[in-house]
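These notes are about the structure you will find just below.
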Amino acid sequence: MIGIGFAGFFELLLIFLLAYIGWLWCREISRLRRNEWQLSNRQLFHCNTCHNSFVPKQPVSLCRCPRCNTVCIRRRDGAVPIVKKGRNK
């Protein structure tokens, strides 16, 4: 049998422990990448009334806000609607 000293045993234990921690770290990084959200501005709605941001269950361009129930329109390129200032006659 191969004889191993006290210091050699702890060196081997340290190597195995570091390898195990490295494997756990790589596994965690791959798990985070797999479960990461992939959102774009086309999927995200922003309510102008209550300032709630949400993702609808179906890909639509017009839906209701889940918080205040107002109609929200998805605008292209994040354009903001033009609001006329002054009195309406």
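Read-outs throughout are calculated quantities, based only on the coordinates presented, and are distinct from any laboratory measurement. Model, not experiment: these values are computed from the prediction. Neighbour counts are summed over all protein chains in view; Cβ atoms, including those assigned to glycine, are modelled from backbone coordinates with ideal geometry.
A compact table of results
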quantity	calculated
For residue 72, residues with placed amide H under 5 Å, excluding near neighbours	63, 64, 65
Karplus-derived 3J(HN,Hα), 6.51/-1.76/1.60, for each residue of segment 59-71, Hz, glycine and proline x	x, 10, 9, 9, 8, 9, 6, x, 8, 10, 6, 8, 6
Backbone HN-Hα couplings from phi across segment 8-18 [Karplus 6.51/-1.76/1.60, Hz, Gly and Pro as x]	x, 4, 6, 5, 4, 4, 5, 5, 5, 5, 5
Of the chymotrypsin sites (Phe, Trp or Tyr not before Pro) in segment 2-76, those whose Cβ has at most 13 other Cβ within 10 Å and which sit in DSSP loop	37
